[in-house]
Amino acid sequence: MTWDWEYVYSFMPMLLQGALITLYATALGSAIALVLGMVWAIARRSIPSPLSAILTFVLDFVRGTPLLVQLYLAFFVLPDFGILIPAFACGVIMIGLHYSTYTAEVYRAGIDNIPSEQWDASVACNFRPHQTWRYIIIPQVIRPMIPPLGNYVIAMFKETPLLSAITVIELMGEARIIANASYRFLEPMTMVGVVFLAISLPAAAALRWIEQMQKT
C-alpha cells in the first residue's frame, strides 16, 4: 500500500477536530486531577488515622486498576443503577479521578519534604490549620512539583484514546471512523501518531526547561 497525500488532506480537518476534543478532555481532566490530588493529599494528613487508612486503600485501589475498566464501569454499569453520565463528561471525570490518585502521591511527597519546624512554627504563631496549609505548606509544595505533575498531564493526554471506548469521538475515535469508512488504516493511524508527537514533544521540552530553570 502506497502513501496517499490527497487522502491525508481530505481527512485532516476531521482529525484536527478530534484533536481539539482530545485537548479539551485533557485540560478538564488535568484540572480535576490536580485539584482532587491536593484534596486527597491534605485529607490523608488531616483526618483521623482510621479514615486516612480507608482513603489510602481507596486511592491505591483506583490507582491499581486499569483506567479502561473504570471507564467501562462508569459508562456502562452505572446506568443499571440509575446513574447516567454523558460520554464526554464521564470520560473527563474518570480520567481526572484516576490520575488524581497519582498527583496525590506527588503532593504527598512534597508535603513530607516540608521541615517539621515549619509546622511547629505555624502552631506557635497561632495559625489555624487552613491558614497553615494556604500560606505556608501549599505554596512550597506546588512549585517544585510542577515537572512531575506536568508529566502526568502529558500521560493523561496520551491516555485520551481510551475515551473512544465509551463513544467519545476524540482524535483516535475520528481516525477509526475515517479508517473504517475507507478501509485504509496507514494514513489515519500514522497521522494520529504525528499529531500526538507534535503536541507531547513540545510539552515535554517545556517541562524540562521549567525543571532546569528551577535548578538555576
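The values are calculated or read from the model by the stated rules, or taken from the named source; none is laboratory data. None of these values were measured; they are calculated from a predicted model. Note that we place each Cβ from the backbone using ideal geometry, even for glycine, and neighbour counts take in every protein chain shown. To get the accessible areas, we keep the full protein, side chains included, count just its heavy atoms, and leave off ligands, DNA and RNA. Shrake-Rupley method; radii C 1.70, N 1.55, O 1.52, S 1.80 Å.
What to note about this one:
- Residue within segment 162-183 that is acidic (Asp, Glu) and either over 22 Å from LEU68 (Cβ atoms) or open to solvent by 40 Å² or more (accessible area, probe 1.4 Å) (or both) present: no
- Scanning segment 132-143 finds one or more residues that are among the aromatic types (Phe, Trp, Tyr), closer than 16 Å to ARG108 by Cβ and in contact (Cβ under 8 Å) with a residue 24 or more places away in the chain.
- Residue in segment 187-195 that is loosely packed, with under 13 Cβ neighbours inside 10 Å and within 25 Å of HIS98 (Cβ to Cβ) present: yes
- Near pairs, Cβ below 6 angstrom, 6+ apart or cross-chain, from segment 164-183 (at negative phi) to any residue that is open to solvent by 10 Å² or more (accessible area, probe 1.4 Å) and of a type in the set (Ser, Thr, Tyr): MET172/SER164; GLY173/SER164
- Looking only at segment 162-189, residues that are closer than 25 Å to ILE95 by Cα and of a type outside the set (A, V, I, L, M, F, W, C) come to 7 in all.
- Exclusive hit being farther than 26 Å from VAL39 by Cα and open to solvent by 60 Å² or more (accessible area, probe 1.4 Å), set GLN212, GLN140: GLN212
- Test: residue in segment 148-159 that is at pLDDT below 85, charged (D, E, K, R) and surrounded by 14 or more Cβ atoms within 10 Å (Cβ to Cβ): no
- Filtered by the rule that a residue be over 20 Å from the mean Cα position of the chain (by Cα), surrounded by fewer than 14 Cβ atoms within 10 Å (Cβ to Cβ), in a helix (DSSP H, G or I) and not hydrophobic (A, V, I, L, M, F, W, C), segment 46-86 gives SER46, SER49, PRO50, PRO79, ASP80.
- Of all residues in segment 88-123, those being open to solvent by less than 20 Å² (accessible area, probe 1.4 Å) and either among the small types (Gly, Ala, Ser) or more than 19 Å from MET145 (Cα to Cα) (or both) number 9.
- For SER10, the requirement of being modelled with pLDDT under 95 and either open to solvent by less than 60 Å² (accessible area, probe 1.4 Å) or not aliphatic (A, V, I, L, M) (or both) is met.
- Hey, VAL39 assigned to a helix (DSSP H, G or I), out of contact with any helix residue (DSSP H, G or I) (no Cβ under 7 Å at 6 or more places or on another chain), farther than 30 Å from ALA181 by Cα and open to solvent by less than 90 Å² (accessible area, probe 1.4 Å) or not: yes
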